[in-house]
Amino acid sequence: MLGIPQMMLSNAHKALRPSASPLAAVVSGQQCQPSFVPSINESASAAQPPLQHRCMGTKSPVQDPGLRAAFGYCIEEVRSCDYENYVWAAQLSKELRPAVFALRAFNVETAQVADQVRSKEPTLLQMRYQWWRDGISNTIKGSPPKHPVLLALRSVMDLQQQSSSSSSTAASPKLRQYHFKRIIDTRENDLLDPQPPLTVEGLEQYAEGTASQLLYLQLASANIQSREADHAASHLGKAVGIATLLKGTKYHGERRRSYLPVELCAKHGVSQEDVYSAQPSDGMCDVVLAVASVAKNHLDEARALAGRIPREAAPLMLMSVGCDSYLRALEACNFDPFHERLQGRGSPLSPLMHVLRVKMHLLRGTY
């Protein structure tokens with residue numbers, strides 16, 4: 001079977017535990033119901049995060065019971081709402097897992113702000129995003145609000161400081177406030193301006209402001225300082241971000257949102273109503289082909305840099321597996337974004353095959 005070792009097959013089955021919550025992945029543009037949503041004017045100290053999660057392991061660098069509960073919350077949040085990325089993150093070393101799950105939980109939380117504010121009033125949306133800006137700012141200053149994601153992020157920062165102070169090498173890169181703020185600002189601007197992007201460049205800017213920033217933070221959390229790794233992260237983030245928006249075409253269309261560039265739609269005779277009503281056509285497929293080609297080019301550019309980045313950076317780039325799988329499946333469906341094969345949550349691959357591909361890349365040190 002594809003020359004895959006039997007031990008890998010055995011380990012892969014362990015990663016296929018189904019989530020108790022719907023696997024409504026952020027990666028597909030679909031949202032899951034968050035289990036911890038503080039009100040704007042309170043610290044949410046009464047809410048208790050769940051107990052320690054098995055992915056933390058008994059030899060995790062995080063030993064405080066309260067913090068382990070906070071990390072357990074982060075892991076469950078990613079598993080329930082971003083399962084495709086949960087799969088590769090769960091395969092990381094025990095040293096990398098806490099930071100990656102905390103960062104990806106932050107990504108899930110900020111992606112779900114619109115669902116948390118039911119009235120969709122712009123002022124309330126802005127207040128929610130400002131809560132996250134203030135929360136990140138206070139977390140970096142050492143006084144995180146009593147939210148499990150922010151408590152986990154502060155713990156990651158403390159561990160980084162301890163590692164840096166005990167090392168004789170150059171100072172480790174920090175989780176910079178700029179990257180967190182860029183993610184929040186990009187998501188807020190997107191919600192407050194529901195018009196489709198005019199050009200493909202608009203999609204690239206959104207992807208750079210979200211997925212690429214998250215990758216920069218993941219690299220910093222692993223103390224990786226490399227211009228080539230940052231370059232690869234920029235390209236990979238754009239590929240993942242654009243593929244994510246394509247994957248959510250039908251979901252967003254049902255809510256009268258479209259991320260297909262106006263310029264391309266006009267060129268191929270596709271109206272916004274065609275997108276909203278999920279009407280496939282040759283023109284629609286041509287638009288999607290053009291956008292998918294941009295994503296594929298960025299993915300290829302990121303992978304071309306694999307031999308020039310530090311080997312320890314490769315596992316943090318494994319979101320490439322899901323991106324590549326979706327683009328291949330989209331091509332197999334003749335670039336019809338509404339094809340039923342593409343509407344399942346998570347990767348279009350079978351769960352087992354997705355895990356096996358992740359493990360093969362881990363063994364080879366590739367992405």
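Evaluated at q = 0.12 Å⁻¹, the base-10 log of the normalised Debye intensity for the stretch 93-142, with identical point scatterers placed on the Cα atoms, takes the values -0.35. Remark: relative contact order (the stretch 226-339) = 42 percent; criterion is Cα-Cα distance under 8 angstrom and separation of 6 or more residues. Short-range pairs are left out: with C-alpha atoms under 8 Å and at least six residues apart, the relative contact order of the stretch 158-292 is 25 percent. Here's the picture: a label point sits 7 Å out from the Cα of Arg341 along the beta-carbon direction, and within the stretch 293-334 the residues with their amide nitrogen under 12 Å of it are 326-334. Summing charges over all other residues whose Cβ lies under 11 Å from the Cβ of Glu77, with Lys and Arg as +1 and Asp and Glu as -1, gives -1.
Using the Cβ of Ala329 as centre and a radius below 12 Å, the other residues enclosed give a net charge of -1, where K and R count +1 and D and E count -1. Modelled spin labels at Arg176 and Ser137, positioned 7 Å past Cα toward Cβ, are 1.9 nm from each other.
The alpha-carbon of Lys120 sits under 19 angstrom from the alpha-carbons of these aspartates and glutamates, leaving out residues fewer than 8 places away in its chain: Glu109, Asp185, Glu188, Asp190, Asp193, Glu254. What is the local net charge at Met157, summed over the other residues whose Cβ is closer than 14 Å to its Cβ (Lys, Arg +1; Asp, Glu -1)? Surrounding charge for Met157 is +3. Fully extending the segment from Gln195 to Tyr276 would add 27.9 nm, taking 0.36 nm per residue of separation and subtracting the current Cα-Cα distance. Accessible surface of Lys146, taken over heavy atoms with a 1.4 Å probe and every protein chain present, rounds to 130 Å².
Structure note, pairs Lys181/Lys250; Lys141/Lys174; Lys181/Lys238: Cα-Cα distances above 21 angstrom occur for Lys181/Lys250.
The values are calculated or read from the model by the stated rules, or taken from the named source; none is laboratory data. What you see is a predicted model; the values in this text were computed from it and never measured. Using ideal geometry, Cβ is built from the backbone for each residue, glycine included, and neighbour counts are taken over all protein chains shown. These area figures cover heavy atoms from the full protein model, side chains too; ligands, DNA and RNA do not enter into them. Shrake-Rupley method; radii C 1.70, N 1.55, O 1.52, S 1.80 Å.
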